[in-house]
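Visitor: Sending over a structure as structure tokens; questions will come in a sec.
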Amino acid sequence: MIGNPFTDPNWSTNLADTLEYWVGRLRSVTTDHAVKASRALVFGVIVVMIGFAGSAFNRDVERELGFGDRMSIGPYTLTCRSYTQEDFPDYMSEWAILDVTKNGKPVATMYPERRFYKASKQATTEASIRPRMNEDLYVIFSGMNDQNGKAVVAVHRNPLVNWIWFGFGVLAVGTVVALLPEAAYAMAAAKVPA
């Protein structure tokens, strides 16, 4: 118990002992694996929420592009270099070749594709994706406009979409750590040489 500083000559020692006791208890509680796991879970939820907040800034643009035509979405400019088609035994494929620049600097060449499967008589699209931690750029080739011969290209820019995946990964790891019994930590600590 902390005494009166005016009458007890040992009050400062008692205060230091009391603080040391409570700080030690606080440290023992906060180093518990469940507390660490819950911190990871909270961090994961925050990262996922930031990722979902980024979806407010999603942008979609669809255009018909001839050779050399350009389209812009945010800081990106896509230029149609060419488009071609090829016939395979199982499917027919057509795709566009697009040069991508960001703020005037070349960053990628993307090859979105559209396939028509002969046996099932169904068409599918193969999106070309440029993933980054801060945003993804999806380019989809929808086919050719039969009237003017231009390629129909859709572009989607999704900021922070990878934060959602990263946040769910942190949530999964935090959940596994939280579910591990205390005995697993004791066994792991016993196997680590001193």
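The values are calculated or read from the model by the stated rules, or taken from the named source; none is laboratory data. As the structure is a prediction and not an experimental result, all values here were calculated from the model. Here the Cβ positions follow ideal geometry from the backbone for every residue, glycine too, while neighbour counts run over all protein chains shown. All accessible areas refer to the heavy atoms of the entire protein, side chains included, with ligands and DNA or RNA removed. Shrake-Rupley method; radii C 1.70, N 1.55, O 1.52, S 1.80 Å.
Quick grid of which residues meet (1) in contact with a Gly (Cβ under 9 Å, 6 or more places away or on another chain); (2) in contact (Cβ under 8 Å) with a residue 60 or more places away in the chain; (3) within 23 Å of GLY51 (Cβ to Cβ):
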site	(1), (2), (3)
ALA96	no, no, no
ASP99	no, no, no
GLY104	no, no, no
ALA108	no, no, yes
GLU113	no, no, no
LYS121	no, no, no
PRO131	no, no, yes
LEU160	yes, yes, yes
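Visitor: Now for a different question. Would it be correct to say that THR79 is modelled with pLDDT under 90 and among the polar types (S, T, N, Q)? Break it down into steps so the answer makes sense when it comes.
Guide: Working: modelled with pLDDT under 90: no; among the polar types (S, T, N, Q): yes.
Considered against the rule, which asks whether it is modelled with pLDDT under 90 and among the polar types (S, T, N, Q), THR79 comes out as no.
Visitor: Picking from TYR117, TYR91, which residue would you name as being without any contact (Cβ under 8 Å) to a residue 60 or more places away in the chain, more than 23 Å from GLY149 (Cβ to Cβ) and over 26 Å from the mean Cα position of the chain (by Cα)? Step through it out loud before you land on a result.
Guide: Working: TYR91 fails: more than 23 Å from GLY149 (Cβ to Cβ).
Result of the check over TYR117, TYR91: TYR117.
Visitor: Starting from the stretch 166-177, keep only residues that are at pLDDT 90 or above, then list their pairs with residues that are open to solvent by less than 90 Å² (accessible area, probe 1.4 Å) and not in a helix (DSSP H, G or I) whose Cβ atoms are within a distance under 6 Å, requiring at least 6 positions of separation or different chains.
Guide: none
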